[in-house]
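Contents: one structure, followed by commentary.
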Amino acid sequence: MIEQKYKMIILGPPASGKGTQAEFLAKKLNLPTISAGQLLREEVDKDSEIGREIKDYMEKGELVPNRFTNELVKARLEKDDCSDGFISDGFPRIRIQAKFLDTFVDLTQAIVIRVSDEEVERRLAGRRICSKCGKVYHLEFNPPLKENACECGGKLELREDDTPQAIHQRLKIYHEETEEVADYYQEKGILIEINGEQSIEKVKKEVFNKLKIKS
Ligand code: AMP
């Protein structure tokens, strides 16, 4: 039997559960999850000149220019651990990035998790992120075992771009730019649409079913 390779991306508005579902898939399929946002945050943490520039965009909820993002993601996806597949969370977010990705990867699936703006705003209020490993929790829906602490021991924090203003900007970009990326993959025939307004477990079930993976 030829083993199926999964070179997937996950799309969705902020707090749609992309990262959570990417982790489920990564664990099940033994694949790395590549988060563009996390790669960028690591760059910011280096406090380099580039990092400071990137931080400015991220804090406002704006997209980081392609001249930083594209090469960072490409270098990561070209590492050995991605050669048998990967799950990309947050890249591409605009059509030009999707075209860039096409130049070096043959994607097998694009998953889009649909969630309304009202639900996004409700969810973001409780979101916390580990300052050490980047794992995402939600105080209500996916709470940490220990209060304010990640399983890795890191401290949980509110993300700087989870302010109301930044959230508004990120949703605007999602509707104006990222939804178009879903259309792009629809035209290619690899789009899988998921109803994100269900419990985490039910979303997981829908994702696995549609990918024909046993949960
Ligand atoms: P995320 O962790 O996916 O919510 O991304 C957080 C922030 O990182 C976004 O609001 C953008 O500022 C930046 N970012 C993430 N992915 C991209 C991308 N593909 N292109 C440009 N900026 C990005």
How about segment 100-114: which of its residues are within 13 Å of the ligand (Cβ to nearest atom) and either surrounded by fewer than 16 Cβ atoms within 10 Å (Cβ to Cβ) or closer than 23 Å to Gln169 by Cα (or both)?
Ile113
Quick one: what pairs do we get from segment 99-116, first residue in a helix (DSSP H, G or I), second not polar (S, T, N, Q), C-beta under 6 Å, 6+ apart or different chains?
Leu101/Pro92
Condition first: loosely packed, with under 13 Cβ neighbours inside 10 Å and hydroxyl-bearing (Ser, Thr, Tyr). Now tell me which residues in segment 59-84 satisfy that.
Ser83
Of the listed residues (Arg122, Arg76), the one being more than 14 Å from the ligand (Cβ to nearest atom) and in a helix (DSSP H, G or I) is Arg122
Please go through segment 170-190 and pick out each residue that is open to solvent by 30 Å² or more (accessible area, probe 1.4 Å) and either touching a helix residue (DSSP H, G or I) at 6+ places or on another chain (Cβ under 6 Å) or under 22 Å from Leu107 (Cα atoms) (or both).
Glu177, Glu179, Glu180, Asp183, Gln186, Glu187, Lys188, Gly189, Ile190
Test set (1) in contact with a Gly (Cβ under 8 Å, 6 or more places away or on another chain); (2) within 23 Å of Ile87 (Cβ to Cβ); (3) of a type outside the set (Gly, Ala, Ser) - Val207 fails condition number:
(1)
All but one of (1) within 15 Å of the ligand (Cβ to nearest atom); (2) charged (D, E, K, R); (3) surrounded by fewer than 17 Cβ atoms within 10 Å (Cβ to Cβ); (4) part of a loop (DSSP other than H, G, I, E, B) hold for Asp47; state the number of the condition that does not hold.
(1)
Among the residues listed as Lys146, Lys172, Lys155, the single one being without any contact (Cβ under 8 Å) to a residue 60 or more places away in the chain and within 16 Å of the ligand (Cβ to nearest atom)
Lys172
Has segment 146-165 got at least one residue that is part of a helix (DSSP H, G or I), surrounded by 15 or more Cβ atoms within 10 Å (Cβ to Cβ), at pLDDT below 95 and not charged (D, E, K, R)?
no
Single unsatisfied condition, Gly61 versus (1) out of contact with any Pro (no Cβ under 9 Å at 6 or more places or on another chain); (2) under 25 Å from Ile113 (Cβ atoms); (3) at pLDDT below 95:
(1)
When residues of segment 58-73 are filtered for being within 7 Å of the ligand (Cβ to nearest atom) and in a loop (DSSP other than H, G, I, E, B), how many remain?
4
Under 22 Å from Ile94 (Cα atoms) and open to solvent by 40 Å² or more (accessible area, probe 1.4 Å), is that true of Asp56?
yes
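The values are calculated or read from the model by the stated rules, or taken from the named source; none is laboratory data. Please read all numbers here as calculations on a predicted model, not as lab measurements. Glycine gets a Cβ as well: all are built from the backbone with ideal geometry, and neighbour counts include every protein chain shown. We work out accessible area using only protein heavy atoms, side chains counted, and drop any ligands, DNA or RNA first. Shrake-Rupley method; radii C 1.70, N 1.55, O 1.52, S 1.80 Å.
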